[in-house]
Amino acid sequence: MKRMLLKSMILKARVTQADIRYVGSITIDEDLIEKANLTEQENVLIVNRTNGNRLETYIIVGERDSGVICINGAAAHLVNEDDIVDIMAFSWSTGEAESLFLKLDVNNHFSRYATADEL
Amino acid sequence: MFPSLLPAVVRHLVYPFYRGFRKDMVLSILKDLEDNQWFSKEQIEEIQWKKLKRLLKYASGHVPYYRDLFKKRGIEPDEIENLNDFMKIPFLTGNVITENSGSLVTGDPLIQGYASSTGGSIGDPLYFYCDLAAGPVRRANTIRQFRYAGIDIGEKQLRLWGGRLDRAWKEGISERAKDYFNNIRFLSSFDMSDEAMKKYVSIERSFRPSLIVAYPSALALLSDFCKRRALKLHKPKAIITSGETLYPEQREIIEEVFSAPVFNRYGSRQFSNIASECKQHNGLHITSDLFFVEVIDKNGRPAESGEGGELVVTDLSNYYMPFIRYKTGDYAVRTDRLCGCGRGLPLLDKIEGRSFDTIRTPEGKSVGGFFWTRLSRTVPGINRFQIEQKGLNRINFKIVPGSEWKDEFKSVLEEKIKSNCGDNFNVTFLVVDDITLAPSGKSRFIISNNEERFVIKSKIHKANITATNPDLNDGLRIDEELMELADIAEHEKILVVDATNGARLETFAVRGPGGKGEIVACGAIAVQLSAGDEIGIMAFTWSMERDSYFSNILVDKENKFVRYLTEIAGEKF
C-alpha cells in the first residue's frame, strides 16, 4: 500500500513578506528548495506557528541565498510578515519515511539537518 | 608512419628529459604519490584534512565568492574540524559556476590558471578554470594509476577517445609529436563505422599496444565488431575504460575479445582521474590524497558504507578556481571495505553514470543502465541505442541497426521490457540512422526525467465569484471554457483560495455553461465564498513532468481569459 509520507520539512522559517496585492503561492530561497529536495510548482503545507493558521499552496523559486520566504496573494490573509512558519512536503511511498528536517538560522539560511529525535 | 619508440627509451630518456625541460616536478610528485598510497587509511585522512583546511582558508582569504559565502553563512574555515562542520558549506553546482565564474577565481596574482570546459556530455558544456600548478600533480596521478594496471611510463598506449576532437583548436603538430614521443596513438570514438573499425583493427595489430584506454561503449562496439567477424587482435597487458559508466556486459565482451583485464577508471575534465581499479578489481581506489570525495544520499546526508549516492568532489589542488563540494551528478556506492592490495586509498563501488540516468516505472521502480545494456544484447543487430523517458509509463527506444537487425526483434525486446517494467509500460521503437553523440564523443544512452512529485498543474488567477447557490450540492461551477483552458476536468479536485477574505477550501469542479464567465459557489462552500469575492482556483497532480503541464491562466473582472502566465517571484498583476 502506498502511504503519503512526510518528505521534507523546513522548520521555523521567518516570513519575509506577506502582501495580498501580489500574486500568490510561496516564494522560497532556491538554496533551501534544493536542500529540502523540493522543486518549483511542488505542493506544500504551510503551518503558521504564530497564529495557528494552516494552508496549502505551491512553490515559486526565489533568489538563492536571499533567505526569502514570501507568502503573497490570498494566503496573506492567514500569514503576516515576521510570522514563524513550518513548511512541509509529502510524497507517496511504500517504504519508510526518510524525512528531511531543515533547521535555519535567523536569516532563513540553512543551518543544519535535524534528526527526527530532536524535534 | 615512423616506427614506434622502445618503451625503455621513452621511460628512461625521453620522458625524464622532457619533464626536466618543463621543470614541472612530475617525477618527484609521482614519488610522493607512490608513497602516499601505501599509508594507512588514517594517515591518508590526515594528509587530506591538512590539504582541505589549507584550501578552505585560502578560498576564504582570496576567492571573492567563498569570502562572501562564508561570511554570509558565518563559516570560519579555522573551525572546520570534521565532516559535519564541512557540510555547512553549500554544494557547488554547474549553475553556480556559470553565474559566478568571475568571483570564483582567486585574486591572488601568484596563482596562475588556464581555461577549460567539459565536453557537454550532459546538457551544456561547463566553462571553468584549472590551476596551472595542479597539472603536474594530475599527470603524476595518472601515471600512478597506470601502474595499478601494471603499465609504466613509455609503454605503448592506444586511445579510443573523443575528447581530443572537441579541443581541436589546440590540436597541432606539437600535440602529435608529444603523442609520438610518449608512445601514444589516437583513434576517434566519433567514427565507429564498419570502415573505420576495420582500420582501427589493423592499427591495433601493427602498433601492438601494451595499454588500451577507451570509452567503454566505443570499445565494446569494436569488440562486438571483431567477435562477429572472428578477427584476432593483439593482446594488450591491460585495458583502462573511462569517461562513461562501464557495464558488466561491456567488460565481459571486451575482456573476451582482447584477452586482457579491464581496469575501470572514474574521472572528469574538471578533476582528471578521481578513482581507479587496481589488479584486485575490488572497487575503485579514490585518489583521496588529491580529492575530498563525499557520497551524498538523496536526502543530502552522507551515505553509509554499502549505500549509494551522488559523488560530491572537492579538488585539493585547484587554488585558482576552488571546487569545494562540487556536485558531479554521478552516482556511486560508498564502502568501508579495505582492498587486499594493501593500499590505504579508500574504495568506491559501482560507479554509475549520471545519477538521474535511470528510467522510472509507474510502480516507482528505477531501472538503471545495467538492465538496458543487457537487454540490447539479447538480440543481434543493435549497433547503438538510446532510451528516452517520455512519460511515467512510456519510453522511446531508438536503435541504430546493424546488418543482422530484424523488425520482429522489437516484440522480443518489448516483451522483456514489459516483464521488467510492467504490462502498462509503452515502448515506441524508432529505427534511426544515427544517434547524436554528446560533443565529447560519449554516448548518452539513457535520457530520463525527474522523480514524481505532487505539483500544481492548473491555476486560474483572479477569478470572481459571480453568484452563490447554497441549496445545490457542494462544488464550484466554472465556465467550461475556462476549465478547458486551465486543463481542469469535470469533477476534478480543486483548491479554492479567497483573496477577499482569506478562506481556503477544497472541493471539486463542476462544468458550467461556456462563454458566460459564470463562477458559482454551490452548497456548503457558499458559507465561506460570497458573490464578488476574488478567488484563485488550483488543481494538483502527481507527475514527473513539470512546466509543460502547468496550465496557468489569468482572467479579467468578467472572468474572461486574458493570457497564459509564467510566474516569477515578486510579480504583481
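What follows draws every value from the coordinates through simple rules; no lab data is involved. Being a predicted model, the structure only gives us computed values, none of them experimental. Cβ: placed from backbone, ideal geometry, glycine included. Neighbour counts: every protein chain shown.
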Folded to 0 to 90 degrees: helix B:216-228 orientation relative to chain B principal axis, Cα: 70 degrees
Each residue of segment B:514-519 in order: what ³J(HN,Hα) in whole Hz does its phi give by Karplus 6.51 cos²θ - 1.76 cosθ + 1.60, θ = phi - 60°, with x for Gly and Pro? x, x, 8, x, 8, 10
Would you work out the Kirkwood radius for segment B:453-564? I mean one over the mean of 1/r across all pairs of different Cα atoms, in Å. 13.7 Å
Counting DSSP beta bridges with both ends in the protein assembly as shown, the antiparallel % (nearest 5): 70 percent
If Rh is defined by the Kirkwood formula over all Cα pairs and Rg also comes from Cα, what ratio Rg/Rh do you get for the protein assembly as shown? 1.03
Describe numerically, in nm with one decimal, the distance between label points set 7 Å from Cα along Cα→Cβ at B:V412 and at B:K57. 6.4 nm
Please list 3J(HN,Hα) in residue order for segment B:68-82, calculated via the Karplus relation 6.51 cos²θ - 1.76 cosθ + 1.60 where θ = phi - 60°; whole Hz, with x for glycine and proline. 5, 4, 5, 5, 4, 8, x, 8, 9, x, 5, 8, 7, 10, 8
Around A:D83, with a cut-off of 9 angstrom between Cβ atoms, what is the net charge of the other residues, counting Lys and Arg +1 and Asp and Glu -1? 0
If you rank B:S419, B:S242 by fewest surrounding Cβ atoms within 10 Å, what's the result? B:S419, B:S242
Alpha-carbon gyration tensor eigenvalues x 5, square-rooted, for chain B, Å: 53, 32, 20
quick shape note, segment A:3-94: Cα extents on principal axes in Å, largest first -> 40, 28, 21
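When B:W49, A:W92 are ordered from fewest to most other Cβ atoms inside 10 Å of their Cβ, what list results? Could the numbers behind the result be given before it?
Numbers: B:W49 17, A:W92 14.
Listing B:W49, A:W92 from fewest to most nearby Cβ atoms yields A:W92, B:W49.
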Provide, in order from the shortest bin, the percent of all Cα-Cα pairs of segment B:10-124 in each 5 Å bin, continuing until the bin that contains the maximum pair distance. 2, 8, 13, 15, 14, 16, 17, 9, 4, 1, 0
Over chain B, what is the percentage of antiparallel beta bridges among all DSSP beta bridges, to the nearest 5? 65 percent
Are there GluC sites (Glu not before Pro) in segment A:25-119 that DSSP puts in a loop and that have at most 11 other Cβ atoms within 10 Å, and which ones? A:E96
What is the Cα centroid distance between segment B:290-350 and segment B:66-141, reported in whole angstrom? 16 Å
How many partner chain Cβ atoms sit within 10 Å of a residue's Cβ in peptide B:294-307, on average, as a whole number? 2
With a cut-off of 8 Å between alpha carbons and a minimum separation of six or more residues, what is the relative contact order of chain B in percent? 12 percent
For B:526-536, mean number of other protein chain Cβ atoms within 10 Å: 1
On the formula 1/(1 + (r/R0)^6), with r taken between the Cβ atoms of B:T428 and B:K235 and R0 of 56 Å, the FRET efficiency rounded to 0.05 is 0.85
Charge dipole (the protein assembly as shown, unit charges on Cβ, about Cα centre) - positive-most of B:A332, A:L32, B:F263: B:F263
If you take every DSSP beta bridge fully contained in segment B:453-564, what fraction is antiparallel? Give it as a percent rounded to 5. 70 percent
With just the Cα atoms of segment B:380-529, tell me how far they stretch along each of the three principal axes, in Å, largest first. 71, 33, 28
Kindly put B:H285, B:H234 in sequence by how many other C-beta atoms sit within 10 Å of each C-beta, fewest to most. B:H234, B:H285
Measuring from a point 7 Å past the Cα of A:A116 along Cα-to-C-beta, which residues in segment A:85-103 have an amide N at less than 16 Å? A:89-102
If I stretch the segment between B:E175 and B:L83 completely, what's the gain in nm (0.36 nm per residue apart, minus their alpha carbon distance), one decimal? 28.9 nm
Label-point separation, A:L45 to B:R563 (7 Å along Cα→Cβ), nm: 3.7 nm
